[in-house]
Ligand SMILES: [Zn+2]
Ligand SMILES: [Zn+2]
């Protein structure tokens with residue numbers, strides 16, 4: 001099950017927090033990005049933060065990573081003792097470590113171990129291969145180094161793809177092929193980002209059954225999706241707190 005914990009771009013979007021995803025399988029929860037209060041959003045979606053088996057941070061922008069110290073603090077005060085794997089490309093892990101250092105996290109008494117795992121910046125790099133999930137990542141086209149993801153839940157072998165922030169690119173088409181769902185950003189056309197219609201073209205090329213748009217700008221509504229649906233009819237706007245069966 002995919003939970004859309006947040007679906008907004010980092011603008012003044014009423015009713016949407018930053019784009020954060022949680023994938024749930026057999027009681028395990030994998031979190032993707034934490035620009036906002038990820039624990040609050042998990043709880044609002046009925047997910048137990050104690051069941052978190054890992055965090056993937058796609059890139060070093062604040063709307064994808066800025067909530068990390070709060071996430072770690074809440075898990076720590078909530079009694080977590082299990083190590084927390086944090087996966088990211090080198091530039092994202094560097095900012096993540098410095099954020100935690102700024103708040104003095106290494107001195108927090110009894111803080112669980114954070115297991116830093118670097119994602120190599122090459123197509124279909126292995127990220128996670130644990131009891132519940134298999135994840136691969138490929139570089140995408142953004143203002144900073146960034147990766148898109150293909151996340152498979154091992155319980156049923158189903159998969160979804162997530163573009164993170166990117167211009168339309170072949171890497172996302174490749175990640176999305178054969179998946180049941182593409183979660184693609186639709187911030188708007190411009191350097192490092194995509195419009196809804198551009199995301200629809202990526203979904204069409206990948207041949208996925210469903211496209212869910214996230215990283216949404218203020219004011220975007222269903223009525224604005226005519227161009228996108230002309231290219232790829234199965235296009236929907238991500239709903240804050242929405243759940244989608246993978
Ligand atoms: Zn970004
Ligand atoms: Zn972003």
### Message
Order these by the 10 Å Cβ neighbour count, fewest first: 116, 76.
### Response
116, 76
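Given segment 2-241, what percent of its DSSP beta bridges are antiparallel, to the nearest 5? Walk me through the numbers on the way to the answer.
Values: 26 of 50 bridges.
The answer is about 50 percent antiparallel.
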### Listed residues 191, 145, 120, most fluctuating in the chain (Gaussian network, C-alpha, under 10 Å)
191
#### Entry: Fluctuation leader among 37, 222, 170 - the chain, Gaussian network, Cα springs under 10 angstrom
222
## Note on the structure
GNM of the chain, Cα pairs under 10 angstrom: of 163, 194, 45, the biggest fluctuation goes to 45
### Cα centroid separation, segment 85-119 to segment 34-72 (Å)
13
### Query
Relative contact order for segment 106-161: what is it in percent, counting Cα pairs under 8 Å that are at least 6 residues apart?
22
### Query
Between residue 223 and residue 118, what length in nm is gained on full extension when 0.36 nm per residue of separation is reduced by their alpha carbon distance?
33.7 nm
### Taking segment 2-241 and dividing mean pair separation by its residue count, relative contact order in percent (alpha carbons under 8 Å, at least six apart)
16
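With 10 angstrom as the radius, rank 74, 154, 109 by how many other C-beta atoms surround their C-beta, starting from the fewest.
With the sparsest Cβ surroundings first, the list reads 109, 154, 74.
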### Task
Could you grab the relative contact order for segment 144-246? Cα pairs under 8 Å, six or more apart, rounded to a whole percent.
23
### Query
If each residue's Cβ is checked for other Cβ atoms within 10 Å, how do 34, 169 rank with the fewest at the top?
169, 34
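Values quoted throughout were computed directly from the atomic coordinates according to the rules given, and no laboratory measurement underlies them. As the structure is a computational prediction, the values presented were derived from the model and not from experiment. When we count neighbours, we look across all protein chains shown, and the Cβ atoms used for this are built from the backbone with ideal geometry, even at glycine.
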